[in-house]
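K.L.:
Can you read through this structure? Questions will come right after.
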Amino acid sequence: MNPGLLKNRIKVKKRSKTPDGYGGFTASEITDLTIWGDVKYTSGEFKMENGARSKYNGVEVIVRKKAFDEIDNIDFQFSIDGVTTSYRVNDVYEMVKNEYVKIIATDI
């Protein structure tokens, strides 16, 4: 893997709960970490959900294993290059032992 291909900025987001002052909580997303990766868009399929058609985009992201290990929670979401679309992680594969990780995700 050529390190020069890691040209996309990946912003890892985590959910945060803050008290709203009325006895409840407000959920928000905060940027936890920014790492660099190589993004490939793999699919753009339409599915029927609750009587409506929805489009789901699939992506594969390759990042360095050291950067991936800094993510403290495996249940995370991320955005690519500052675009507001968030992606949910489905699978994580180790590509080259202790060097790179492939993340398979779909948009939310």
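The values are calculated or read from the model by the stated rules, or taken from the named source; none is laboratory data. For clarity, every value in this text was computed on a predicted model and none was experimentally measured. For neighbour counting, all protein chains shown are included, and Cβ atoms are generated from backbone atoms with ideal geometry for every residue, glycine included. Side chains included, ligands, DNA and RNA excluded: accessible areas come from the protein's heavy atoms. Shrake-Rupley method; radii C 1.70, N 1.55, O 1.52, S 1.80 Å.
K.L.:
Pairs of Cα atoms under 8 Å, at least six residues apart: use those to get the relative contact order of segment 29-105, whole percent.
P.N.:
On the way: 113 pairs, mean separation 20.9, N = 77.
Computed over segment 29-105, the figure is 27 percent.
K.L.:
Another question, if that's okay. At 10 °C and a viscosity of 1.306 mPa s, what translational diffusion coefficient does Stokes-Einstein give for the chain, taking Rh as the Kirkwood radius over Cα pairs? Give it in µm²/s as a whole number. Mind showing how you got there, number by number?
P.N.:
Details: Rh = 15.2 Å.
Answer from the Stokes-Einstein relation: 105 µm²/s.
K.L.:
Among 68, 1, 51, whose Cα projects farthest towards the positive end of the dipole of the chain, with charges put on the beta-carbon of Lys, Arg (+1) and Asp, Glu (-1)?
P.N.:
1
K.L.:
Next question. Which whole-number value in Å² is the accessible area per residue of segment 1-66, probe 1.4 Å? Before the final figure, lay out the partial values.
P.N.:
On the way: 4700 Å² over 66 residues.
I get 71 Å² per residue for segment 1-66.
K.L.:
Treating the beta-carbon of each Lys and Arg as +1 and of each Asp and Glu as -1, no other charges, what is the dipole magnitude of the chain about its Cα centre, to the nearest 20 debye?
P.N.:
On the way: 17 positive and 16 negative charges, 37 e Å.
So the magnitude is around 180 debye.
K.L.:
Using helices alone, I'd like the mean residue ellipticity at 222 nm for the chain: each DSSP H run of four-plus residues gives -39500 (n - 2.57), total over residue count, nearest 500. Let's see the in-between values first.
P.N.:
Values: 1 runs with 5 residues, N = 108.
Here the helix-only value at 222 nm equals -1000 deg cm²/dmol.
K.L.:
I would also like to ask the following. Can you return the lysines within cross-link range of residue 55? Criterion is Cα-Cα under 18 Å, with same-chain partners fewer than 8 residues away left out.
P.N.:
The qualifying lysines are 40, 47.
K.L.:
If you average the alpha carbon positions of segment 76-108 and of segment 1-66, how far apart do those two centres end up, in angstrom?
P.N.:
7
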